[in-house]
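As C-alpha cells, the structure follows; a few thoughts come after it.
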Amino acid sequence: AKKNNCKIYGYCFMTTHGHFFVDPMGYDISNLMHDVNMCYAQYYNKKYNRHGPVFWGRFDSDPVCSDAYCLALSAYIHNNPKDIIGYRGREEYFYYSSYGIYAGLRENKDNFVDTGFILRLFKMKSKESATKKYLKFVKKQKHERSLKNIIESLSDGEMHIVDEEQFSL
C-alpha cells in the first residue's frame, strides 16, 4: 500500500482464492497486483523451499462505482469465511481477513487497512457507532450469496446510502 500509494479497504485470503478491496489511487492495478503476487511468491517459495508461481491465471477486477457497492463488496469479502468449519457466525475471528481489524479484535498495524472510508459511509457521529452499525450490517448480509443480493438488501432504507440508486448489476 505504501510503495504504490494505494488504499486497502478490505481483504480476505482463503485457501483457494483471495479478495482485495483496493483503491489504486490512479496507480495501474495490473502493476499493483504484479507486485503483490511477486512479493507473496517470494515469501511462500522461501518458506516452503520451492520455486515458481503460486497463483495461476490473471486476477479479476471490477470498478466499484457507488457507496452501496462499496458496502456490499466489503460485506461480501468479510463474510467469505462463513463456510469454514469453526468460523460460521465468528467470521471476524478469521485471521486472514481484515474483518477482525474492523471489529477491533486485531491491531491495524501501520494503518494498513483504511477502515475510515467504509465506516464514514454509515454517516454516524462517532467511529464507535459506525463500527457497531457496520458489524451489524455485515452479519445481516451473511446469508446472501452474491454482491447483487447484498445490493438489493440495501434498498430496505436502513443504511442511508447516498447513491445506492446509481448502482445496477
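On the basis of being under 22 Å from Thr15 (Cα atoms), in contact with an Asp or Glu (Cβ under 6 Å, 6 or more places away or on another chain) and not small (Gly, Ala, Ser), does Pro53 make the cut?
Against the criterion (under 22 Å from Thr15 (Cα atoms), in contact with an Asp or Glu (Cβ under 6 Å, 6 or more places away or on another chain) and not small (Gly, Ala, Ser)), Pro53 does not qualify.
Give me the residue from the stretch 2-29 that is of a type in the set (A, V, I, L, M, F, W, C) and within 14 Å of Thr115 (Cα to Cα) and, out of that set, most open to solvent (accessible area, probe 1.4 Å).
Phe20
Count, please, the residues in the stretch 66-97 that happen to be touching a Pro at 6+ places or on another chain (Cβ under 7 Å) and assigned to a helix (DSSP H, G or I).
Residues meeting the conditions: 1.
Looking at Lys136 and the list (1) in contact with a Leu (Cβ under 9 Å, 6 or more places away or on another chain); (2) of a type outside the set (Val, Ile, Thr); (3) more than 18 Å from Cys12 (Cα to Cα), which single condition is not satisfied?
Tallying (1) in contact with a Leu (Cβ under 9 Å, 6 or more places away or on another chain); (2) of a type outside the set (Val, Ile, Thr); (3) more than 18 Å from Cys12 (Cα to Cα), Lys136 fails exactly one: (1).
Mind counting the residues in the stretch 57-67 that are without any contact (Cβ under 8 Å) to a residue 60 or more places away in the chain and either loosely packed, with under 15 Cβ neighbours inside 10 Å or among the acidic types (Asp, Glu) (or both)?
6
Take the residues in the stretch 7-38 that are in a loop (DSSP other than H, G, I, E, B) and closer than 23 Å to Asn79 by Cβ; name whichever of them is modelled with the lowest pLDDT.
For the stretch 7-38, the residue satisfying everything is Thr16.
Could you tell me which of the residues Ser146, Ser155 is touching an Asp or Glu at 6+ places or on another chain (Cβ under 9 Å), of a type in the set (S, T, N, Q) and modelled with pLDDT under 90?
Ser155
Could you check how many residues of the stretch 68-117 are among the hydrophobic types (A, V, I, L, M, F, W, C), in contact (Cβ under 8 Å) with a residue 60 or more places away in the chain and open to solvent by less than 50 Å² (accessible area, probe 1.4 Å)?
So the answer is 9.
Consider Ser97 carefully, then state whether it is on the phi < 0 side of the Ramachandran plot and at pLDDT 95 or above.
yes
The values are calculated or read from the model by the stated rules, or taken from the named source; none is laboratory data. The shown structure was predicted, so the numbers you read here are calculated from the model rather than taken from an experiment. Glycine gets a Cβ as well: all are built from the backbone with ideal geometry, and neighbour counts include every protein chain shown. Each accessible area value is taken on the protein alone, full model and side chains, heavy atoms only, with ligands, DNA and RNA left out. Shrake-Rupley method; radii C 1.70, N 1.55, O 1.52, S 1.80 Å.
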